[in-house]
Structure formats: structure tokens, C-alpha cells
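Working notes, beginning with the structure itself.
The values are calculated or read from the model by the stated rules, or taken from the named source; none is laboratory data. Computed from a predicted model, the values in this text were never measured in an experiment. Every residue, glycine among them, receives a Cβ derived from its backbone with ideal geometry; neighbour counts consider all protein chains shown.
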Amino acid sequence: MSIHTLNLHLTAVTLAKYFEAVYPELSPVKPDKAKINEKSAGNSFTGNKNTSPKQKQKALTTLTGENATSRQKEITDELLRAALLNGLDPKHLYSSISQPVSEGSAAQLVGLVSAEIGFAIKVDEDEKILREAGNLQMVAYRANLSQDFRNRFPKVYAVRTEKPYGYIMEKFEGTSFAKMLWPRENDPQLNAMVMDNILSLLFGAYLSSVNANLKPNIRTIYLGRIDERLKSAAEKSSEFKTLTEGGLEINGTYYHAPHEYIRSIENNIDKLGVSFATFVHGDCHPENIIVSVNKDLQPNIRFIDPKDWLEGDYVFDLGKLCHYLLATGPIQKSEKKPTPILDLLKRQISYELDNSGTKTLVEKALAKGRSFAIKHNDASFEIRYLLSMASNLLGLPVMRLKNKERDAALILYAEGIKYLAQCSEALNK
């Protein structure tokens, strides 16, 4: 990890105190002065002339924490000044905190949600941090997406493009959809409402961004991903290398080696074509969906961490959402995580996977997808969904192996092979 790595989560109150100490002319405590005057616009703020370097360092230490280096503090201050010049308005930093309105899990969720504006500051020497900021900025400027949808992604206020890189962005208050579902589902009715809202937002974005002049590359999106990720997994584990080289009996049913299914799908790739592209989030699993609940117990949905897909196949997003609901979540987040029994010599694996609690949510997603596909003459939707599930599941073992999560890697692989087999069989009918 880089010595410059910094990940701050700040509340409006924290920033207000900092501005009061260092930039009092912009402090939200003094709303009549909380504006950028003509002389300061376009330039760095000089701040309070009466603030000594020692006082400023103390304020920065309070903001960034005792363990932050002087360089991290300097970059944090630089990003904050840039954010102010880019339109971050200190007058809007304060707001009230929501209170629980009744008993029950939904009320507890309301109680956890603060209406204070939150901020996140990230600093790192790795260029990936610039891609993160760039992906959010791309969504913000997509003219074929509604303003309401774009506002559901964090706003980036400032980016540092020199090493060490960094950016400051809006931080949404709430809880991830994944935490509402696992380790145990607390409120099925609320979760169903959340799922309806998620699907309405996503398919609204797909509808507004349909591009008939661009056709997604199915081979690259799905088969290329499977091949690349499985090769990487095999390089990390000799056990996995042996596993991927041949067939496997999964819970009593025999499946061929993945390369056989891939070759079969390759031979029928023309049947999987789709005549249009849409906006694609690229990583819209439940951990990247933030939910807050208002006093009327109505959920508000926000999205984080989009990938750098300008346009692609909307079914990839559907697979990203559903693979988590049917496999990844139950495997890794449930109270009783399944344990696989693998006999590599006999090429057999067995395990119990309970995803009964989320199947109704997946049914909602598939119903929405089928309706969209019918309206847009997307005849290969059902088979691409199977391929998307396989691609997403088989893309995960390499990271699980890296994190020493062997059991999860094995079950995710087995579940992915099952979907890959279904896709191959459907194409050969």
C-alpha cells in the first residue's frame, strides 16, 4: 500500500470547523460571507491571514487524523480549495438529522441515515484512483441520462491529476442493499420495494440511452472475460488449475471443462447478437447500491463505483445484480456460509447453497428484463442472461483466491460452470 494512500469520510460539521479555522470568509457558520468573491475566483484561497502555519496544521490534523503525513494534509487542503472553486458551497453543509419514526428494522435504518452532506477524500499513488473519479464524471455529463439518474451518483468536486493522485467527492449516507439482505433479511417488504426502485431507475437509464448505431461485442464482454479470469485463477492456485482443465461433477451432475462450453458458445456466437447498446453501470451489485429511507419509509436509491463502460449490453448489469443475489451474497454474506467438499481425484464437489430469500428479487429483475427485451426485439435476452451470470460468477474466483477465500472461490466456480453449461445447451437446441 502506498504511503500516500488516504481515504477520508468527512461530515459537513467536520468540514465546517475546518473552514472556520482556515477559511473563515467561506465558513458555513457565517452564511453572509460564505461565498467566493470576484478576487478569489480562479485563484487559490489565501485563507485567514491570522491563522498561523501551526494553527493550520492543527486544523488539518483534526481533519485527516493523527496518522496522516504532512504530504497527505497538504494534498487534502489543495483538494478542498479546488472543490470550493469548482462549486462546493459551504452554505449548504449543515442540515438536520433524520430521526426514527417507529419501531422495526425500517425505522432503525431511518435512524442511521444522517441528512448531513458527507464527503470522501481519496489520495493514492495508483492511477486507478483517477479512473474512479473519471467514471463518475462521465456519468455526470451523459446527456442521454436523466438529471435525476445522474444525481444518484456521487458528485466529484475536484481531482488531483499529479502523483500522488486524489479526488474529493460527495459521500452518500445510508446502507448498502447487501447489508439489508445479509447476514439475515430483516424486512422483505422493504427490500422488495427497494428492488423495484433499483430496476425502475436502471431500466429508465437503459431506455433513455438506447443506441442503435452501436452493437456490443458479446465475445469480448463475456467469453473474453471468462477466459482471462479463469487463466488468472489457474495461475494463482495449482488446485484451481487442475480443476479448470477437466470436467467436474457438481452436486451429483457432471459438467464438462469450461473450455469445451466456451468453444461451443463461440461456434454459435452469432445467435447472441444484440442490435443496440445502452448505458451500463458495469458493477451494479448490491454493495454498490446505497439505500436511505425517509420518514415516510420510502427508499432513496444511490449508485456508486460505476465502471468505464460508456455503452454496452444492459444484460451484463442484470447478471451483475442477479449473480450477487443468487450466489455471491448467500455464499459470502449469509450467517451460515456454505462449505464445499471437493474430491479432486474423483473430480467431484458438493455443497448446499440457500438462496431462497432472494429468488423473488431475481424474478422481479428477470421480468423487467424480459419486458424490455420484448419492446426492443432482443431475441437473445434469455441466453445472454445465462452467459452474463456465467461471466460474472467465473470472473470472481481469482480475487477470492487472492484473498485466501478458497471455499467461496470453489462454489462460485461451480455455480458459474452450471450457467455456462445452460448457455451452451440453449444455443445448441
Just to be sure I understand, how many residues within the range 370-381 are touching a residue at least 24 places away in the same chain (Cβ under 8 Å) and either surrounded by fewer than 16 Cβ atoms within 10 Å (Cβ to Cβ) or touching a His at 6+ places or on another chain (Cβ under 8 Å) (or both)?
1
So, first residue under 13 Å from residue 209 (Cα atoms) and β-branched (Val, Ile, Thr) in the range 138-161, second residue assigned to a helix (DSSP H, G or I) and modelled with pLDDT of 95 or more, Cβ within less than 9 Å, six or more apart or across chains; the pairs are 139/149; 139/150
Among helices (runs of 4 or more DSSP H) entirely inside the range 344-429, those with 3 or more residues being touching a strand residue (DSSP E or B) at 6+ places or on another chain (Cβ under 9 Å) are 406-427
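Please enumerate the residues belonging to the range 310-322 that are of a type in the set (D, E, K, R) and in a loop (DSSP other than H, G, I, E, B).
If the condition is that a residue be of a type in the set (D, E, K, R) and in a loop (DSSP other than H, G, I, E, B), then 311, 313 are the ones that fit.
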Looking at (1) more than 18 Å from residue 320 (Cβ to Cβ); (2) within 21 Å of the chain's Cα centre (by Cα), can you tell me which one residue 238 breaks?
(2)
Mind checking which pairs have a first residue in the range 62-82 that is outside the structural domain of residue 120 (by TED's automatic domain parsing) and a second that is surrounded by 13 or more Cβ atoms within 10 Å (Cβ to Cβ) and not aromatic (Phe, Trp, Tyr), Cβ under 8 Å, 6 or more apart or different chains?
none
Identify the residue in the range 152-165 that is in contact with a helix residue (DSSP H, G or I) (Cβ under 9 Å, 6 or more places away or on another chain) and assigned to a loop (DSSP other than H, G, I, E, B) and, among all such residues, is farthest from residue 203 (Cα to Cα).
164
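Going through 178, 234 one at a time, which residue ends up being among the small types (Gly, Ala, Ser) and touching a residue at least 40 places away in the same chain (Cβ under 8 Å)? Lay out the reasoning, then the answer.
On the way: 234 fails: touching a residue at least 40 places away in the same chain (Cβ under 8 Å).
Going through 178, 234 in turn, the sole match is 178.
Any idea which residue in the range 120-134 is surrounded by the fewest Cβ atoms within 10 Å (Cβ to Cβ), counting only those that are closer than 20 Å to residue 81 by Cα and within 17 Å of the chain's Cα centre (by Cα)?
In this case the residue turns out to be 134.
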